[in-house]
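The values are calculated or read from the model by the stated rules, or taken from the named source; none is laboratory data. Because the structure is predicted, anything quoted here is derived from the model rather than measured. Because the Cβ atoms are built from the backbone with ideal geometry, glycine has one as well, and the counts that use them run over all protein chains shown. When the accessible area is computed, the model is the full protein with side chains, heavy atoms only, and any ligands, DNA or RNA have been set aside. Shrake-Rupley method; radii C 1.70, N 1.55, O 1.52, S 1.80 Å.
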Amino acid sequence: MPQPPASQSGPEPASGAFETRAIHAGRDFVGETGAVTPPVWLTSTFEYGNPGGFDYTRSGNPNFRLLGRAVASLESAEFATVFASGVSAITAIVSGLKSGDTVVAEENIYGCTYRLFARVFAKFGVSIEYLDFTDPASLEKIAEHRPALVWIESPTNPNLKIIDIAAAAEAAHAAGAPLVVDNTFASSYLQRPLELGADLSLLSTTKYTNGHSDALGGAVCTNDPAWNERMIFAQKALGLQPAPFDCWLTLRGLKTEAIRMERHCANALRFAEFLENESPAETVRYPFLPSHPQHEIARRQMRGGSGIVTADFGFDLETTLRLVESLRYFPKAESLGGVESLCCHPASMTHASVPREQREKVGIGDSLVRFSVGIENIEDLVADARAALAAVAG
Ligand SMILES: *Cc1c(COP(=O)(O)O)cnc(C)c1O
């Protein structure tokens, strides 16, 4: 059997730029077969005493190691642990807390993260306090809550608020807490939170890492050996492990992350400019549009604006839903970050689990539409949006 690398993720020996590492990281699995592409190790258990140190797939599998090494390399992290989904990765982090602990989080947090804290972790005595991290006065309030953890996303979902990660890390550390950044919307190619001072970077690899909408997955990246131990423990003790085949698909997907992200960024910028200049949209949000309120920070900490654009057309609920359903190349679906464009109505889909009051407080009204701009020909996408807007206006 080909020998996988010996540690779960370990320092990445592959050198070179992002694009090169995405393709060559972890290639030492080939062993004696010469295979250029790794196999899928479809096995639940391993013979005792094997040189890879594997015992049971819940606590490790060669496909997990290969993916973990590649993700760690792309996030500039020493360690990465892979999970069944982004939500599993969130669960793994929070399982390191104890009753009585408080998490301070950005108020425009991902809907499922909000639900996990409100409906699950609260029952175990972990509480959460929400702040607006784009407001400098909020950063000063972090310490008052004596947080065990500070939790942000940037860009946020779906409002695409940009949080200054270096400033948030400084404020978290001054309060004695580690900073977790959910890096899913940005992708490892465009933004590396650990380089900006974060302690943990979390990915739903379901989105841009894999990029093909065919597997779920999550990862937690860190340079801290203690957090890494906790993540490995959570993977096996809580049963949060991914499937070997999903890891194989995700590893295949991430080889093209750089080139996909370049196209996502170019297409989304053009799409956002179209909506801003040639559509009835009242507000258009895209981090690399000069009109974005945190445009300067986005330019500083991201290599591109990523692939998500949100627009508020000011339509009533019925017209908004008609618009969404009139699009031909943007199927109405949850999720994002795949090669295909998608669109989503956050208030009734991704954020339906957030109470209306909280939703409206953070700007997720009935007239908001989120576009995940894919890598199709951009003029086809613009023509599609133009036609759908004309249809509902008529
Ligand atoms: C999708 C998503 C998650 C959850 O990931 P799953 O793989 O769907 O479990 C977490 N955070 C963000 C920002 C996401 O977009």
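Results, tabulated for the structure shown:
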item	result
K332 accessible area, assembled protein chains, probe 1.4 Å, Å²	90
The chain - percent of accessible surface contributed by carbon and sulfur, probe 1.4 Å	52
The chain, relative contact order in percent, only Cα pairs under 8 angstrom and at least six apart counted	16
Dipole moment magnitude, nearest 20 debye, region 258-393 about Cα centre, only Lys, Arg, Asp, Glu C-beta charged	460
Distant alpha-carbon pairs in region 258-393 (separation over 22 angstrom), percent	34
Cα-only radius of gyration and Dmax that characterise region 228-338, units Å	18.6, 53
Surface/4 estimate of mean projected area, convex hull on alpha-carbon atoms of region 202-261, nm²	4.4
Cα coordinate range in the chain, projected on the principal axes (Å, largest first)	70, 50, 34
Within the chain, helix-based [θ] at 222 nm, where runs of 4 or more DSSP H residues each add -39,500 (n - 2.57), nearest 500	-10000 deg cm²/dmol
Viscosity 1.567 mPa s, 4 °C: Kirkwood-radius Stokes-Einstein D of region 39-114 over Cα pairs, µm²/s	86
Extension gain from E360 to E325, taking 0.36 nm per residue of separation minus the Cα-Cα distance	10.3 nm
Rounded tilt (10° steps) of 378-393 against the dominant C-alpha axis of the chain	40
From phi via Karplus (6.51, -1.76, 1.60), per-residue ³J(HN,Hα) for region 219-226 in Hz, x at Gly/Pro	8, 10, 10, 7, 9, 8, x, 5
Value in Å of the Kirkwood radius, where region 158-309 supplies the Cα pairs that are averaged	16.8
Additional length obtainable on full extension of the chain from S99 to H173, 0.36 nm per residue less Cα span	24.5 nm
Using alpha carbons only: equivalent-ellipsoid semi-axes of region 22-62, gyration tensor based, whole Å	21, 11, 10
Region 258-393: relative contact order as a whole-number percent, Cα under 8 Å and 6+ apart	28
Simple label model, 7 Å out from Cα along Cβ direction - E195 to S353, nm	3.3
Pair-distance profile P(r), taking every C-alpha pair of region 143-228, with 5 angstrom steps and integer %	3, 15, 24, 24, 18, 10, 4, 1, 0
Summed side-chain charge close to C343 - residues other than C343 whose Cβ falls under 14 Å, Lys, Arg +1, Asp, Glu -1	-2
Residues E229 and E376, FRET efficiency given R0 of 35 Å [Cβ-Cβ distance, rounded to 0.05]	0.20
Label-point separation, A118 to S335 (7 Å along Cα→Cβ), nm	2.5
Charge context of P287, other residues only, Cβ under 12 angstrom, K/R +1, D/E -1	+4
Environment charge of T222, counting only residues whose C-beta is closer than 12 Å and scoring Lys/Arg +1, Asp/Glu -1	-4
Sorted peptide list for 247-254, 310-317, criterion being average Cβ within 10 angstrom, highest first	247-254, 310-317
Förster-model FRET efficiency, 51 Å R0, S59 and L317, C-beta, rounded to 0.05	0.60
For region 136-179, alpha-carbon Rg over 2.2 N^0.38 Å	1.12
Residue order for M349, M231 - accessible surface, 1.4 angstrom probe, largest first	M349, M231
Accessible area (Å², 1.4 Å probe, nearest 10) - R27	120
